[in-house]
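The values are calculated or read from the model by the stated rules, or taken from the named source; none is laboratory data. Since the model is a prediction, treat every value here as computed from it, not as a measurement. Note: ideal-geometry Cβ built from the backbone for every residue, glycine included; neighbour counts use all protein chains shown.
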């Protein structure tokens, strides 16, 4: 069941419908993005989230700042072990506000319980994302 839910998650995120993506999550979610602080004022989608509504908000906020038509995301591997899955890949996004792009590898740890995603832990290169928002970081 884990592989099927993760594959459906990947399909829905590719389609970009926040409400349909959020339907795959439990009412309460263990959400974590690998940033040094819980939220970051320069990056609007990086903030604490813990509910299905928060998840939907994430998937509404992100494309307002990183246009989907400018994105290149590839999934290189999906590893499944019982209720846990790790999605590994690469992502390149354009930040609308600055016109700068960030490119990074990522690992996304998902956990499925009772047919719903209960854990979403994203491990990414947060410095490259921040540098796309704050160009003075790269000088």
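Between a first residue in segment 29-43 that is closer than 30 Å to residue 115 by Cα and a second residue that is surrounded by fewer than 14 Cβ atoms within 10 Å (Cβ to Cβ) and at pLDDT 70 or above, which pairs have beta carbons less than 7 Å apart while being 6 or more apart in sequence or on different chains?
Matching pairs, first to second residue: 29/50; 31/50; 38/48; 39/48.
Is there any pair with a first residue in segment 101-114 that is closer than 14 Å to residue 83 by Cα and a second that is part of a loop (DSSP other than H, G, I, E, B) whose Cβ atoms are under 8 Å apart and which are 6 or more apart or on different chains, and what are they?
111/83; 112/1; 112/83; 113/83
Quick check: is even one residue across segment 129-136 surrounded by fewer than 17 Cβ atoms within 10 Å (Cβ to Cβ), touching a helix residue (DSSP H, G or I) at 6+ places or on another chain (Cβ under 7 Å) and not in a strand (DSSP E or B)? I'd like the intermediate steps shown before the answer.
Filtering segment 129-136 for residues surrounded by fewer than 17 Cβ atoms within 10 Å (Cβ to Cβ) gives 134-136.
After this cut, where a residue has to be touching a helix residue (DSSP H, G or I) at 6+ places or on another chain (Cβ under 7 Å) as well, the list is none.
No, that holds for no residue.
Among the residues of segment 5-62, write down those that are assigned to a helix (DSSP H, G or I) and under 15 Å from residue 129 (Cβ atoms). Outline the logic, then answer.
Within segment 5-62, the subset assigned to a helix (DSSP H, G or I) is 5-15, 18-22, 52-62.
Passing the criteria: 58, 61, 62.
Please go through segment 44-60 and give me each residue that is over 22 Å from residue 112 (Cβ atoms) and modelled with pLDDT of 95 or more, ordered by number.
60 - this is the single residue of segment 44-60 that is over 22 Å from residue 112 (Cβ atoms) and modelled with pLDDT of 95 or more.
Across segment 85-128, what is the number of residues that are more than 17 Å from the chain's Cα centre (by Cα) and assigned to a strand (DSSP E or B)?
2
Look through 95, 75 and report the one residue that is closer than 28 Å to residue 28 by Cβ, touching a residue at least 24 places away in the same chain (Cβ under 8 Å) and surrounded by 13 or more Cβ atoms within 10 Å (Cβ to Cβ).
Working: 95 fails: closer than 28 Å to residue 28 by Cβ.
Result of the check over 95, 75: 75.
May I ask you to verify whether residue 36 is surrounded by fewer than 17 Cβ atoms within 10 Å (Cβ to Cβ), farther than 30 Å from residue 1 by Cα, at pLDDT below 95 and out of contact with any strand residue (DSSP E or B) (no Cβ under 8 Å at 6 or more places or on another chain)? Before the answer, list the steps.
Working: surrounded by fewer than 17 Cβ atoms within 10 Å (Cβ to Cβ): yes; farther than 30 Å from residue 1 by Cα: yes; at pLDDT below 95: yes; out of contact with any strand residue (DSSP E or B) (no Cβ under 8 Å at 6 or more places or on another chain): yes.
When the stated conditions are applied, residue 36 passes them.
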